[in-house]
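Contents: one structure, followed by commentary.
The values are calculated or read from the model by the stated rules, or taken from the named source; none is laboratory data. No experiment lies behind these values; they were computed from the predicted model shown. Cβ atoms come from the backbone with ideal geometry, glycine included; neighbour counts cover every protein chain shown.
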Amino acid sequence: MIVRSTSKKIALGFAIACLICTAASLAAFIYFLVGKGVQDVLSASAMATTLFFGSCATVLYFISKPPRHELQPWDEQEAQ
């Protein structure tokens, strides 16, 4: 069984934090969208923030995934 290393666990923690920030900025986007409309600067900023945190969460999640198999050293053939 292959487990996550410490750095991959840290990346997973930041991915979860970004996911929470995505939810908060999505709530702010919906609030500004209903209150001020789509043409307001705050609505556009909240939408951009939501997309930013969502993309960060996605990238950090894929970085944090453990490898499917263990890589062998590149000079393994020569050592034998």
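See the values below:
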| quantity | calculated |
| --- | --- |
| Test: residue in the range 3-10 that is in contact with a helix residue (DSSP H, G or I) (Cβ under 6 Å, 6 or more places away or on another chain) and buried (at least 17 other Cβ atoms within 10 Å of the Cβ) | no |
| Count of the range 45-80 residues which are among the hydrophobic types (A, V, I, L, M, F, W, C), over 11 Å from the mean Cα position of the chain (by Cα) and surrounded by 14 or more Cβ atoms within 10 Å (Cβ to Cβ) | 2 |
| Pairs with Cβ under 9 Å, 6+ apart, first in the range 65-80 and assigned to a loop (DSSP other than H, G, I, E, B), second at pLDDT 75 or above and hydroxyl-bearing (Ser, Thr, Tyr) | 66/5 |
| Residues within the range 1-24 that are β-branched (Val, Ile, Thr) and touching a residue at least 60 places away in the same chain (Cβ under 8 Å), tallied | 2 |
| Any hit, the range 4-17, residues being more than 23 Å from residue 59 (Cα to Cα), assigned to a helix (DSSP H, G or I) and among the hydrophobic types (A, V, I, L, M, F, W, C) | no |
| Some residue of the range 33-41 being in contact with a Lys or Arg (Cβ under 7 Å, 6 or more places away or on another chain) and modelled with pLDDT of 90 or more | no |
